[in-house]
Amino acid sequence: MQDKTDVKDNGAAVSEEEKVPGYSWYALGILVIVYILNFVDRNIISILAEDIKADLGIGDDDLGFLYGTAFGVFYALFGIPLGKLADSWHRIRLMTIGLALWSAMTALSGFAKSFMTLSVARIGVGVGEATASPAAYSLISDWFPKRMRATALAIYSSGLYLGGGISLFIGGLIVERWNAAYPDGGPLGFVGWQAAFLAVGVPGLLLAIWVATLREPVRGQADGIISEPVKDPFRGFLNELFAVIPPFTFIQAARHGGRALGMNILAAAIIAACAYGLIEITGNVPQWIAVAIGYYAVFSWATSLKRRDPPAFALIWGSPAFLCTILGYGMVAFAAYAISFWAAPYAIRELGESPSLVGWWIGGPGAMGGFLGVIIGGRVADYLRERNPSGRLLVVMFGLLAPVIPLIVAFTTDNVMLFYFLNFVISLFASSALGAAAATSQDLVLPRMRGTATATFFLSTTLIGLALGPYLAGQVSTATDSLSTGVLSLLVAAPIGTILLIAAYRLVPTAETTVVDRARAAGEEI
């Protein structure tokens, strides 16, 4: 008897077996709520930045480090082993544990009394949040067929923009009212920004209980390539962990011989030398030490993956199409993360707005723009994909280039309402790229590799976008005493991203049609 699912990519009508069950939509809804809270906890520091800067006596570059690097490097670094765990263990349990961890660390941020303690708490938030998207992307790819994948991932990704907007609204409201009610500090001496961290951290602990009730889907079922359960999932997780965490990286390399160890040490030395040079130029020690650790960890992991899982390496690091796609989107993230962080401080500092007004006029429209952009972008990406194998990448390119003119006008105007409107436009345009880029990365690997592919995708968005974008804007702002100049310096991402995405557009069709063949050639048994 013919399998009805075999006709799904040949233009035939959708069969009964291809219809998306109601439970898939229910589960997706819960994941969206999780992602909303993910970005509330991640982004609330934006609206609190001016108060944190004043209370802790830090500069714009330090704020960029707290928002981007302290969070982003460890989010990316731990996303690698946690992505492997998402490929081999119970994804619902993984997400539940991660949600509880990052919510607790967000709440603990409210107890911070110094730049160092707040940095440590932000690192903890990053580690916890690293569980979310590798597990969620893999789950969604099993709950939804390929024809619906960009749409489903776009709906999930809408939580990013909704959470970012809600964080500004809630944070601005709490900090302003708390400081008005307790001008000399409230219970336990808490000031407004500390109370805000507590207020958004605690609900996540309750949400974790709800997430734990979800059912784990069969891995690979939607693609007809069902993966057998891994007998010892934590062995792979520990191997990945030791491949990215110094000094275990040297031990891991030494197990594969003197040549592997020598290459690892050489890479560490080159990266350390680059970090030293950047420290000399900028004077910022934590930023470049953290970035150096992140980039060295990625090198160690990639070389280890090549030895331990050649098929996964071949389809991810050995694929120019995959790399150009994620690096091209990394340029979108480079600018988007920086704008999402600095827009609120800019309005407060340069345009004289209050935190509550900024939270309302940037948070609300920004959330709406991001939500509409990612949903529309996902639908358009799926529409174009049906007609052109590289069609989704046109949406990614739009998300990179369309915000350029609104960005220039927004951060040079004195008209506050125009600034708010253009932030909505920037959010609408930039967000359109995410679902298309994410779906493309998922289609270029086998089902068992999706968690690892997602972790690699987020290496680009974090180690390039989050770890560098907000910080560099702050560094330029500190050097020039102009936050406008700092934000506008991000435009360097446009030409770089365009070149990468043009290359991806040309490479993706062949790469997608040869996934199974290239995996077999690398040793995969299919």
So Arg385 ticks every box in (1) modelled with pLDDT under 95; (2) buried (at least 23 other Cβ atoms within 10 Å of the Cβ); (3) under 20 Å from Gly83 (Cβ atoms); (4) not small (Gly, Ala, Ser) but one. Which box is left unticked? (3)
Say whether the condition of being assigned to a helix (DSSP H, G or I), of a type in the set (Phe, Trp, Tyr) and either out of contact with any helix residue (DSSP H, G or I) (no Cβ under 9 Å at 6 or more places or on another chain) or surrounded by 24 or more Cβ atoms within 10 Å (Cβ to Cβ) (or both) is met by at least one residue in the stretch 106-117. no
Would you confirm whether or not the stretch 77-92 contains a residue that is surrounded by fewer than 24 Cβ atoms within 10 Å (Cβ to Cβ), in the same structural domain as Gly189 (by TED's automatic domain parsing) and without any contact (Cβ under 8 Å) to a residue 60 or more places away in the chain? no
Pick out, from the stretch 360-454, the helices (runs of 4 or more DSSP H) lying fully within it that include 2 or more residues that are free of Cβ contacts under 8 Å to residues at least 60 places away in the same chain and over 27 Å from Pro217 (Cα atoms). 364-387, 391-401, 404-410, 416-431
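Please specify each residue of the stretch 298-331 satisfying the condition of being farther than 16 Å from Ile251 by Cα and over 19 Å from the mean Cα position of the chain (by Cα).
Lys306, Asp309, Pro310, Pro311, Ala312, Phe313, Ala314, Leu315, Gly318, Ser319, Pro320, Ala321
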So is Val487 among the aliphatic types (A, V, I, L, M), surrounded by fewer than 24 Cβ atoms within 10 Å (Cβ to Cβ) and over 19 Å from Phe71 (Cβ atoms) or not? no
Consider only pairs whose beta carbons are under 8 Å apart and that are at least six residues apart or on different chains; among these, list those whose first residue lies in the stretch 477-493 and is assigned by TED's automatic domain parsing to the domain that holds Ala338 and whose second residue is surrounded by fewer than 20 Cβ atoms within 10 Å (Cβ to Cβ) and in a helix (DSSP H, G or I). Ser477/Thr485; Leu483/Arg349; Gly486/Thr480; Leu488/Ile408; Leu491/Val404; Leu491/Ile408
Residue by residue through the stretch 280-308, note down the ones that are in contact (Cβ under 8 Å) with a residue 40 or more places away in the chain and part of a loop (DSSP other than H, G, I, E, B). Asn284
Residues being surrounded by fewer than 24 Cβ atoms within 10 Å (Cβ to Cβ) and farther than 18 Å from Leu472 by Cβ - total across the stretch 53-76: 4
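The values are calculated or read from the model by the stated rules, or taken from the named source; none is laboratory data. Only a predicted model underlies this, so the values are computations on that prediction, with no experimental measurement involved. Note that we place each Cβ from the backbone using ideal geometry, even for glycine, and neighbour counts take in every protein chain shown.
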